[in-house]
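The values are calculated or read from the model by the stated rules, or taken from the named source; none is laboratory data. Fair warning: this is a prediction, and the values are worked out from it, not measured in the lab. Counting neighbours? That spans all protein chains shown, and the Cβs are built from the backbone with ideal geometry, glycine included. To get the accessible areas, we keep the full protein, side chains included, count just its heavy atoms, and leave off ligands, DNA and RNA. Shrake-Rupley method; radii C 1.70, N 1.55, O 1.52, S 1.80 Å.
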Amino acid sequence: MATAARIAARSSLHRLAVRPASLRTFYSNASAESAISESADDLAASQKSIFAPLDTFPRRHIGPNLSSSQEMLKALDPPVSSLDDFVKEVLPANILSAKDIKIKGPTSGEEDGFTESQLLSRLVEIAKDNTVLRSYIGSGYAGTRLPEVIKRNVLENPAWYTSYTPYQPEISQGRLESLLNFQTVVSDLTALSIANASVLDEPTAAAEAMTLSLNALPMARQKRPNKVFLVSHLCHPQTIAVLQSRADGFGIKIETGDVLAENCKRVKEVGQDLVGVLAQYPDTEGGVENFKDLADNVHQAGATFSVATDLLALTVLTPPGEFGADIAFGNAQRFGVPFGYGGPHAAFFACNDKAKRKIPGRLIGVSKDRRGDRAFRLALQTREQHIRREKATSNICTAQALLANMSAFYAVYHGPQGLKAIAHRVIAGARVLEEGVRRLGYETGQRGKDQEGRVLFDTVVVNVGENKARSFADWAVENKGINLRIIDEGRIGVTVDETVEKVDLEDILSVFKQFSAQPVELNVEELAADLKITAAQPSPAVPETIKRTSSYLTHPVFNTYHSETALLRYIYHLQSKDLSLVHSMIPLGSCTMKLNATTEMAPVTWPEFSSLHPFVPKDQAKGYATMIDELEKDLAEITGFDAVSLQPNSGAQGEFAGLRVIRKYLESNPDTKKRDICLIPVSAHGTNPASAAMAGMRVVTIKCNNQNGNLDMADLKAKCEKYSEELGAIMITYPSTFGVFEPDVKEAIDLVHQHGGQVYMDGANMNAQIGLCSPGEIGADVCHLNLHKTFCIPHGGGGPGVGPIGVRSHLAPFLPGHPVIPTGGENAIAPISGAPWGSASILPISWAYVKMMGGKGLTHATKITLLNANYILSRLRPHYEILYTNEKGRCAHEFILDVRKFKDTAGVEAIDIAKRLQDFGFHAPTMSWPVANTLMIEPTESENKEELDRFCDALIAIRQEIAAVEKGEQPRGTNVLNMSPHTQKDLIEGEWNRPYTREQAAYPLPWLKEKKFWPSVTRLDDAYGDMNLFCSCAPVETLEN
């Protein structure tokens, strides 16, 4: 958190403060830019000392060097003499910043960032301040052994972590297949018919389960004023807290208690007000209950029964789908993903067939391609918030694809028998531990056990005596290097995981022995033998009433790749089907697919960062505290805000957090009427209205000018006046989603402030602002950032992401808190994510990026990202129409290519151009958003001029192919565009009777003969996939047929 002193120092920057009249650009000195962007040959000549380091980072991150930049400036339409003159043509003069970014570098007073070697040295020092102990805290997180073959070849492999969400399935078949494997793991183990491709974390999944439950009710019940969601008191505490955050916006009361008490009496009492019921299985204290009767009672009340569960436990326990659960979710972290101080981890979410078209998040389905071959794709995309907007019940815009793929490969590697063996080992360890502490005279938890009172899965809760838990846990840390969970003042929890070996059990028992009134000698082997757990009989007995009898993971993929050689080849087989940044630029508008530098990525898998449980005592995470504090300060400096929260674990969660903070602030003012109107431009990202609705706000749309895409100021003024007494906020994306810096943004902000509203700035396009302007200086009150866009966290094939929020001082007291580890403001809203600092283990990536770039490097990167976009625009303008530019014909960091007329002139649509680009080895730009049947292009600063030219050449060649159709030289419907993309199989098999040659299909430009990426399937049949929804690994007989 930003310090109180820093907040106080900036508090004079009131949201209505007058801005300085004299403004200038950051770091406009040309020689400084030369040092940043010059080639290595000339770098030494620009250094101040012969001994200056040569491994500076900005010139490695930024694609164009000085000479290329000058060539590009000359090629602009119209040309410009200098980079700074160009910037002044892109940004309105009244928003240019009045100060330089100050990022603390390696040397006091220096403006340059760390070199790569300096940064790694600093990281080593920071890492030393994190203390890695053995953590058996549990509470939804368990120790795991990440197989090195997965760590090295997936987690640390840019071919897996630099790809984008698989919206273009023909060049994404590898990760789509892997994510389908993940869905199959979840569906099989939960015994529910459909599972999604992951969600953000377990508490967020719980919130999604609650809103799905609400959405499943008849409309009359959805509108009842006293809606109740019953939650077991034995759910994890962070889950209950996040549920509260989400429930407020939907008018749902969270009622926590014993859901089984008196034969589910409370379920019956709530009656028609019941939205649903949530139970934990196994629960947070290790108990395992039979929920069959509870499920029946919930269903009799016409409500939905949700179960938070553990995938490893479901290898031996009756799955939720078999005792009547409608929804099952949880954290897949213990399937091969390290603690990471809280994330990122892939949460899973499964439901019955009845809810499949309402399931949140992304869903991988099996379809077929143009040739009739099996192919995978994202299914049911019409459910997404981009289409449903404020009517959406979820604002999910990403998943945890990289982590889901890791967990999928973990399941593939171990197979069903391997997973069951791990589960048996875990249960055996828990029972040996339980038996030992009982012999030492302690009482253990009695609820949710077998007939002999034995623990049924991994967690043992021990009564250590009134007010003794803290001293007990402290002694374990200081003397044995073990973290235990403090349940309350008199109870300790211990969660056994796959990393626990004989010596660990002995050490844990020695802690209990230290405080025992009857410290008898214990032998772990003898304890196991007494429990009839031996090498010959390693399977602990599980009561028949809750024992799993159904099969799971029977598909060959889970029973084949159990040697490292086999799995390695499978990983690379899938990888070969996917296009990522290792192949070519990914010009997706509003996605900012920039370099994810290796030095930035390096610390993610260091044990000092990856092996900390999120709930360890703060003094064991001092290194993290240093890094988090520095990153928050740097982001506050960059954005012009006073305080930052890093907790939101996606951009959409950042939106939700920012709006929740605004609402809490408005509610705290006793003189304020209910201000719940949120103004949102029609051009906004679809998550904006969805997030506003989730925060309990009423959405009112603002028109945009059809000529230039800018806000319709007359409409904004009219809406502000109409809703003046109810206006809560406006959400503005800047630059706009149309790719321009709106000149009237400050006027719009002042107008909203005058009518009592707050200003939320969507930071999705922050890559065009850094160093040139800032949300705080422009006048916003809160802004979320996408660290997975602007600040170099990789997209991971569809997640992870981080969406921190920056706020002005008056909003800082309301930043999100946490029930386990204190964080946030003094009047904190309920947490947005399950871990105190969200996806903490990937924060070092953004921290490293900022530190290595420094203020000058960050500013120059912004200038180049603007230049790259305008260079492409200038090259394509003679061939295509550009939808929106500013008055000087410039775009911001992205622009919209208007291809709508080709539907009439040639029967060619945006999708045809997108698919044809695959034949050139490029991922398509963003398709049909924010304007239908257009393409939005964003190149980022990391692409050099040569790559930009290749992309431009490809689009110019495609325009010539369109022209051939327009002239009648090629037919409509069966031309090279309509039939794209082309696979090797498509070109080789069968007779060739098309109106274009095989060479035209495969090698439309000469350089493709040397460097060619082949799609693995032809164009998918989307309609077939949605009408024949199948979202798990197909049975072998189906494949054979």
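Looking only at the range 869-908, which residues are of a type in the set (A, V, I, L, M) and open to solvent by 20 Å² or more (accessible area, probe 1.4 Å)? It would help to see each step written out before you state the result.
Within the range 869-908, the first condition is being of a type in the set (A, V, I, L, M), and the residues that meet it are 869, 872-873, 876, 882-883, 892, 896-897, 899, 906, 908.
Across the range 869-908, the qualifying residues are ILE882, LEU883.
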Given the criteria in contact with an Asp or Glu (Cβ under 8 Å, 6 or more places away or on another chain), under 30 Å from GLU434 (Cα atoms) and either open to solvent by 30 Å² or more (accessible area, probe 1.4 Å) or in a helix (DSSP H, G or I) (or both), does CYS235 qualify? no
Do any residues in the range 718-729 that are part of a helix (DSSP H, G or I) have Cβ atoms under 7 Å from those of residues that are open to solvent by less than 10 Å² (accessible area, probe 1.4 Å), where the two are at least six apart or on different chains, and which pairs are they? LYS719/LEU679; LYS719/ILE702; CYS720/LEU727; CYS720/VAL752
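Condition test on VAL267, is it part of a strand (DSSP E or B) and among the β-branched types (Val, Ile, Thr)?
Working: part of a strand (DSSP E or B): no; among the β-branched types (Val, Ile, Thr): yes.
Spelling it out, it is not the case that VAL267 is part of a strand (DSSP E or B) and among the β-branched types (Val, Ile, Thr).
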If you take the residues in the range 301-345 that are within 24 Å of LEU243 (Cα to Cα) and of a type in the set (S, T, N, Q), which one is farthest from the chain's Cα centre (by Cα)? THR304
Of the candidates THR639, THR626, the one satisfying the condition of being in contact (Cβ under 8 Å) with a residue 12 or more places away in the chain, of a type in the set (Val, Ile, Thr) and surrounded by fewer than 24 Cβ atoms within 10 Å (Cβ to Cβ) is THR626
Long-range neighbours under 9 Å by Cβ, at least six apart or interchain, first residue closer than 22 Å to LEU553 by Cβ within the range 416-437, second in a helix (DSSP H, G or I) and charged (D, E, K, R): PRO416/ASP188
Just checking, how many residues over the range 278-294 are buried (at least 22 other Cβ atoms within 10 Å of the Cβ) and in a helix (DSSP H, G or I)? 1
Which residue, of ILE911, ILE958, is within 21 Å of TYR164 (Cβ to Cβ), out of contact with any Phe, Trp or Tyr (no Cβ under 6 Å at 6 or more places or on another chain), crowded, with 23+ Cβ neighbours inside 10 Å and not charged (D, E, K, R)? ILE958
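From the list VAL582, VAL542, pick out the single residue that is out of contact with any strand residue (DSSP E or B) (no Cβ under 9 Å at 6 or more places or on another chain) and hydrophobic (A, V, I, L, M, F, W, C). Give the derivation first.
Numbers: VAL542 fails: out of contact with any strand residue (DSSP E or B) (no Cβ under 9 Å at 6 or more places or on another chain).
When all the criteria are applied, what remains is VAL582.
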Cβ-Cβ distance below 8 Å, separation of 6 or more or different chains: which pairs start in the range 682-710 with a residue that is over 26 Å from TYR665 (Cβ atoms) and open to solvent by 10 Å² or more (accessible area, probe 1.4 Å) and end on one that is assigned to a loop (DSSP other than H, G, I, E, B) and among the aliphatic types (A, V, I, L, M)? LYS703/VAL682; CYS704/VAL682; ASN708/VAL740; ASN710/VAL740
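If we scan the range 600-609, do we find a residue that is out of contact with any helix residue (DSSP H, G or I) (no Cβ under 8 Å at 6 or more places or on another chain), over 18 Å from TRP160 (Cβ atoms) and surrounded by fewer than 19 Cβ atoms within 10 Å (Cβ to Cβ)?
Within the range 600-609, the first condition is being out of contact with any helix residue (DSSP H, G or I) (no Cβ under 8 Å at 6 or more places or on another chain), and the residues that meet it are 607.
Still in the running and over 18 Å from TRP160 (Cβ atoms): 607.
Now narrow it down to the ones that are surrounded by fewer than 19 Cβ atoms within 10 Å (Cβ to Cβ): 607.
So far as the range 600-609 goes, yes, one or more of its residues are out of contact with any helix residue (DSSP H, G or I) (no Cβ under 8 Å at 6 or more places or on another chain), over 18 Å from TRP160 (Cβ atoms) and surrounded by fewer than 19 Cβ atoms within 10 Å (Cβ to Cβ).
So which residues in the range 317-355 are farther than 26 Å from HIS795 by Cβ, in a helix (DSSP H, G or I) and not basic (Lys, Arg), if there are any at all? Let's see the steps before the verdict.
Our first condition is that a residue be farther than 26 Å from HIS795 by Cβ; within the range 317-355, this holds for 317-328, 351-355.
Narrowing the set further to residues that are in a helix (DSSP H, G or I) leaves 320-322, 353-355.
The answer is PRO320, GLY321, GLU322, ASP353, ALA355.
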If I go through the range 799-820 residue by residue, how many of them are within 24 Å of PRO617 (Cα to Cα) and not in a loop (DSSP other than H, G, I, E, B)? 2
Is there a residue being more than 26 Å from ASN705 (Cα to Cα), more than 26 Å from the chain's Cα centre (by Cα), open to solvent by 10 Å² or more (accessible area, probe 1.4 Å) and among the hydrophobic types (A, V, I, L, M, F, W, C) anywhere in the range 944-955? no
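Sort out which residues of the range 248-278 are under 21 Å from GLY453 (Cα atoms) and either touching a strand residue (DSSP E or B) at 6+ places or on another chain (Cβ under 6 Å) or without any contact (Cβ under 8 Å) to a residue 12 or more places away in the chain (or both), and write them in order of number.
Let us first name the residues in the range 248-278 that are under 21 Å from GLY453 (Cα atoms), namely 258, 260-261.
Hit for the range 248-278 is ALA261, nothing else.
In the list HIS613, HIS555, HIS583, which residue meets the criterion of being more than 25 Å from the chain's Cα centre (by Cα) and either modelled with pLDDT of 95 or more or open to solvent by 40 Å² or more (accessible area, probe 1.4 Å) (or both)? Show your work before the answer.
Values: HIS613 fails: more than 25 Å from the chain's Cα centre (by Cα); HIS583 fails: more than 25 Å from the chain's Cα centre (by Cα).
Answer to the selection: HIS555.
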LYS633: passes all of (1) closer than 28 Å to GLY249 by Cα; (2) out of contact with any helix residue (DSSP H, G or I) (no Cβ under 7 Å at 6 or more places or on another chain); (3) open to solvent by 10 Å² or more (accessible area, probe 1.4 Å) but (1)
Which number in (1) closer than 30 Å to VAL270 by Cβ; (2) open to solvent by less than 10 Å² (accessible area, probe 1.4 Å); (3) of a type in the set (A, V, I, L, M); (4) assigned to a helix (DSSP H, G or I) marks the one condition that LEU189 misses? (1)
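Residues are listed down the side, and each one gets a yes or a no for (1) assigned to a loop (DSSP other than H, G, I, E, B); (2) modelled with pLDDT under 95:
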{"position": "LEU987", "(1), (2)": "no, no"}
{"position": "GLU991", "(1), (2)": "yes, yes"}
{"position": "TRP1014", "(1), (2)": "yes, no"}
{"position": "CYS1033", "(1), (2)": "yes, yes"}
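Being open to solvent by 40 Å² or more (accessible area, probe 1.4 Å) and either on the phi > 0 side of the Ramachandran plot or of a type in the set (Gly, Ala, Ser) (or both) is the requirement here; does ASN263 meet it? Steps first, answer last, please.
Details: open to solvent by 40 Å² or more (accessible area, probe 1.4 Å): yes; either on the phi > 0 side of the Ramachandran plot or of a type in the set (Gly, Ala, Ser) (or both): yes.
Criteria met by ASN263.
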Kindly list, by first and then second residue, each pair from a residue in the range 95-115 that is farther than 15 Å from ILE770 by Cα to a residue that is among the hydroxyl-bearing types (Ser, Thr, Tyr) and at pLDDT below 90, limited to pairs with Cβ atoms under 8 Å and residues at least 6 apart or on different chains. GLU111/TYR27
Near pairs, Cβ below 9 angstrom, 6+ apart or cross-chain, from the range 560-586 (farther than 16 Å from GLU170 by Cα and without any contact (Cβ under 8 Å) to a residue 12 or more places away in the chain) to any residue that is assigned to a loop (DSSP other than H, G, I, E, B) and open to solvent by less than 60 Å² (accessible area, probe 1.4 Å): ARG569/TYR561
Could we say that ALA142 is at pLDDT 95 or above, of a type in the set (A, V, I, L, M, F, W, C), buried (at least 21 other Cβ atoms within 10 Å of the Cβ) and more than 30 Å from THR885 (Cα to Cα) here? yes
LEU977: surrounded by fewer than 18 Cβ atoms within 10 Å (Cβ to Cβ) and hydrophobic (A, V, I, L, M, F, W, C), yes or no? no
Considering only residues that are in contact with a helix residue (DSSP H, G or I) (Cβ under 9 Å, 6 or more places away or on another chain) and assigned to a loop (DSSP other than H, G, I, E, B), which ones fall in the range 674-709? LYS674, ARG675, ASP676, ALA684, HIS685, GLY686, ALA695, GLY696, MET697, LYS703, ASN705
Residues satisfying the stated conditions in the range 347-359, i.e. open to solvent by 10 Å² or more (accessible area, probe 1.4 Å), under 24 Å from GLN168 (Cβ atoms) and modelled with pLDDT of 90 or more: none
